[in-house]
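What follows is a short report on a single structure.
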Amino acid sequence: MKDRNFLDTVMEFEQQLESMQQQFSALKQFVAHMMEEHQTLQTENLHLRTRLEELLANEATAIKRVEELKKEPVDIGEGYDNLARLYNEGFHVCHVHFGSSRKGEDCLFCLSFLNKQNG
Ligand SMILES: [Zn+2]
């Protein structure tokens with residue numbers, strides 16, 4: 001009877017060990033998943049930072065360009081050339097978005113404004 005109890009205890013202990021092993025395995029998977037997610041977020045964060053720096057640099061360039069244009073003497077022909085150049089460099093010259101990046105897209109406001117200035 002005593003041996004029987006001892007064997008039960010050993011088997012129970014074995015079951016506990018198996019259960020702990022399963023829990024540990026699940027925990028390991030969870031940690032691996034978290035590390036993967038952490039890596040993804042870090043990479044995404046880096047991309048966003050780079051993009052933000054690009055945008056800030058673009059904005060600084062645009063502001064500098066606008067300041068330069070403001071200082072240049074106003075001559076209708078030259079003024080038009082400067083605005084056309086600014087537009088071609090990728091910035092808005094329309095009053096709606098003046099000085100901001102066109103993000104590579106044409107702007108109808110800018111184009112109609114440039115047409116008016118030219119005509
Ligand atoms: Zn525009």
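The values are calculated or read from the model by the stated rules, or taken from the named source; none is laboratory data. Bear in mind the structure is a predicted one, so any value in this text is a computation, not a measurement. Positions of Cβ are backbone-derived with ideal geometry, glycine not excepted, and every protein chain shown enters the neighbour counts. Note: accessible area is taken over every heavy atom of the protein model, side chains too, but ligands, DNA and RNA are not part of it. Shrake-Rupley method; radii C 1.70, N 1.55, O 1.52, S 1.80 Å.
Here is the figure for the stretch 47-105: residues that are open to solvent by 70 Å² or more (accessible area, probe 1.4 Å), of a type in the set (Lys, Arg) and modelled with pLDDT under 85 total 2.
Per the listing Ser100, Ser19, Ser25, the residue uniquely hydroxyl-bearing (Ser, Thr, Tyr) and within 16 Å of the ligand (Cβ to nearest atom) is Ser100. Close contacts from the stretch 106-119, counting a first residue that is more than 7 Å from the ligand (Cβ to nearest atom) and a second that is assigned to a loop (DSSP other than H, G, I, E, B) and of a type in the set (Val, Ile, Thr), with Cβ to Cβ under 9 Å and a gap of 6+ residues or different chains, come to Phe113/Val93; Leu114/Val93; Gln117/Val93.
Give the residues of the stretch 106-117 that are aromatic (Phe, Trp, Tyr) and either assigned to a loop (DSSP other than H, G, I, E, B) or open to solvent by less than 90 Å² (accessible area, probe 1.4 Å) (or both), sorted by residue number. The answer is Phe113, and nothing else.
Within the stretch 44-63, residues that are in a helix (DSSP H, G or I) reach partners that are open to solvent by less than 100 Å² (accessible area, probe 1.4 Å) with beta carbons closer than 7 Å, at six or more positions or on different chains, in the pairs Asn58/Ser101; Ala62/Phe91; Ala62/Gly99; Ala62/Ser100; Ala62/Ser101; Ile63/Gly99.
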